[in-house]
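*Asks:* Following this message is one structure expressed as structure tokens.
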Amino acid sequence: MAVACVLSLISSPSLLLPSPPPAPAVTRRSLLGLGAAAAFASPSAARAWCGEQVPSWAFYLKWDETAVPFKHEGVDAQLFLRIVGDRAREDKTAVPPVVVLGTPGLGYDYLENLEALTVSDRRVAEVVCAGTQRSAGEPLPASLLTQDACAAQLLAAVRALSAPKVHVVAHGLGAVAALRLLQAQPALVRSLTLISPYGGLADLRADAAQALVKGVESGRAAAAVPTVSGTALGSCVAEATGAAGGPLLGALLGSADAERLGGARLGARLDAVAGGPPVQLMSGGASDIVETSWEGLPSAVKRVIADKSGHLPFVEQRESFLLSLLEFLDEADGVETNRELKFGAALDTIKELSGS
């Protein structure tokens, strides 16, 4: 039952950030705009988490989106934060929320499978950094198009959750900001999970680096989140890249002083915070765009390889990936959290969970 409930979590409503470009197809967001009744009447019209159908229980899931102010090098700006889950349940269970940072310069949408972690009563907050979307206003100063600025925004997002500690989950190029947060504010981090982390093009496989450069130069941000999942390409990946188009991704990839994480460098960074919170390193197999032959990792680092996945194991092996991540979070918290849905008692929901 526990596994079945976690697996059934891979569907949920989500909303784009304010003023996004038009989505390429009917999405969960436009469906929710019609109201829950319309959604129940025509579920086949919806695209849910990475192409899956929206189940009725998804409409019980609490969410909020807000602009969070931050200041970096004297410049005032805002990041966007999507928060999914119930603060009251989190407080009752006494577990920290999960803060998720994907590759800066992309929308949060491609990470939405991670919202399934709310089954454990933890809130999940997804960060979208300034400079992700194309803007018709004044261009952002160069100081905001850096990894230091991303780290400052991650810290602002953590503080916006008003929790003494958080679990941090970072994917791809977001790993650098997460590591900087851990180094600067170790007391705030309950655990750190890095998924296929890299700091620059030099950390990628040669062919993948070339493809990424060409993709970004031609305005195809999807090159940063390649997947073999057609449903993901048509839904969450399309939405994440459709919400992009700003200068941030290109600036980070083109930085002359990009912090490398390949080889022994990641191990050295983690050694520098030895004695801190537990760390988990997750990656795909041979088709991951990241060069995953890290050396000298501290023995305490938990290593998880999704060998049938590429750069998005939370899409391509989502069930096993999410269960591994939930187990790691529970171990860090010293608890055994819920694995069953608790979103009301509607008849449709009960039938869905029971399989009848």
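The values are calculated or read from the model by the stated rules, or taken from the named source; none is laboratory data. Predicted model only: the values in this text are computed from it and were never measured. All Cβ positions, even for glycine, are placed from backbone atoms using ideal geometry, and neighbour counts span all protein chains on display.
*Asks:* If you go through the range 58-103, how many residues are aromatic (F, W, Y), within 18 Å of R123 (Cα to Cα) and either outside any strand (DSSP E or B) or at pLDDT 95 or above (or both)? Can you show your working first?
*Replies:* Start the filter on the range 58-103 by keeping residues that are aromatic (F, W, Y), which leaves 59-60, 63, 70, 80.
Going one step further and asking which of them are within 18 Å of R123 (Cα to Cα), we end up with 59-60, 63, 80.
Filter again for either outside any strand (DSSP E or B) or at pLDDT 95 or above (or both), leaving 59-60, 80.
Going through the range 58-103 one residue at a time, the tally reaches 3.
*Asks:* Right, here's the next one. What are the pairs, 6+ residues apart or on separate chains, where a residue within the range 111-132 that is closer than 22 Å to P164 by Cα has its Cβ under 7 Å from a residue that is surrounded by fewer than 24 Cβ atoms within 10 Å (Cβ to Cβ) and of a type in the set (D, E, K, R)?
*Replies:* Listed by first residue and then by second, the contacts come to V119/R339; D121/R89; D121/E90; R122/E90; R123/R87; R123/E90.
*Asks:* Would you check if there is a residue in the range 233-252 being modelled with pLDDT of 95 or more and either surrounded by fewer than 16 Cβ atoms within 10 Å (Cβ to Cβ) or within 26 Å of G296 (Cβ to Cβ) (or both)?
*Replies:* yes
*Asks:* In the range 194-207, how many are among the hydrophobic types (A, V, I, L, M, F, W, C) and farther than 12 Å from L253 by Cβ?
*Replies:* Restricting attention to the range 194-207, the residues satisfying the condition of being among the hydrophobic types (A, V, I, L, M, F, W, C) are 194-195, 201-202, 204, 206.
If we keep only those that are farther than 12 Å from L253 by Cβ too, we end up with 194-195, 206.
Number of matching residues: 3.
*Asks:* To continue, here is another question. Given the options A251, A258, name the one that is touching a Gly at 6+ places or on another chain (Cβ under 9 Å) and not in a loop (DSSP other than H, G, I, E, B).
*Replies:* Result: A251 is the single residue among A251, A258 that is touching a Gly at 6+ places or on another chain (Cβ under 9 Å) and not in a loop (DSSP other than H, G, I, E, B).
*Asks:* Being touching a residue at least 24 places away in the same chain (Cβ under 8 Å), surrounded by fewer than 16 Cβ atoms within 10 Å (Cβ to Cβ) and under 28 Å from S229 (Cα atoms) is the filter here; which residues of the range 253-289 pass it?
*Replies:* Of everything in the range 253-289, just one residue is touching a residue at least 24 places away in the same chain (Cβ under 8 Å), surrounded by fewer than 16 Cβ atoms within 10 Å (Cβ to Cβ) and under 28 Å from S229 (Cα atoms), namely G285.
*Asks:* For A221, are the conditions met, namely being buried (at least 23 other Cβ atoms within 10 Å of the Cβ), modelled with pLDDT under 90 and within 23 Å of V127 (Cα to Cα)?
*Replies:* Numbers: buried (at least 23 other Cβ atoms within 10 Å of the Cβ): yes; modelled with pLDDT under 90: yes; within 23 Å of V127 (Cα to Cα): yes.
Criteria met by A221.
*Asks:* Does the range 313-337 hold any residues that are closer than 12 Å to Q280 by Cβ and hydrophobic (A, V, I, L, M, F, W, C), and which are they?
*Replies:* F321, L325, L326, F328, L329, A332
*Asks:* Regarding G230, is this residue over 20 Å from T132 (Cα atoms) and in contact with a Ser or Thr (Cβ under 9 Å, 6 or more places away or on another chain)? Give the steps one after another, and end with the answer.
*Replies:* Details: over 20 Å from T132 (Cα atoms): yes; in contact with a Ser or Thr (Cβ under 9 Å, 6 or more places away or on another chain): no.
So G230 does not fit the description; no.
*Asks:* Moving on. How many residues does the range 192-228 hold that are part of a loop (DSSP other than H, G, I, E, B) and either within 25 Å of V99 (Cα to Cα) or free of Cβ contacts under 8 Å to residues at least 12 places away in the same chain (or both)?
*Replies:* Initially, the range 192-228 is screened for residues part of a loop (DSSP other than H, G, I, E, B), giving 196-200, 205, 218-220, 225-228.
Add one more test, that the residue is either within 25 Å of V99 (Cα to Cα) or free of Cβ contacts under 8 Å to residues at least 12 places away in the same chain (or both), and what stays is 196-200, 218, 225-227.
The total comes to 9.
*Asks:* Out of the range 80-107, which residues are among the hydrophobic types (A, V, I, L, M, F, W, C) and either in contact with a Gly (Cβ under 7 Å, 6 or more places away or on another chain) or crowded, with 24+ Cβ neighbours inside 10 Å (or both)?
*Replies:* Keep residues of the range 80-107 that are among the hydrophobic types (A, V, I, L, M, F, W, C), which gives 80-81, 83-84, 88, 94-95, 98-101, 106.
The answer is V84, V95, V98, V99, V100, L101, L106.
*Asks:* Still on this structure, please answer the following. Do we find a residue being under 14 Å from the mean Cα position of the chain (by Cα), part of a helix (DSSP H, G or I) and at pLDDT 95 or above anywhere in the range 166-173?
*Replies:* yes
*Asks:* Hey, can you tell me all the residues within the range 108-125 that are buried (at least 24 other Cβ atoms within 10 Å of the Cβ) and either in a helix (DSSP H, G or I) or modelled with pLDDT under 95 (or both)?
*Replies:* Matches in the range 108-125: Y108, D109, Y110, L111, E112, N113, L114, E115, A116, L117, T118, S120.
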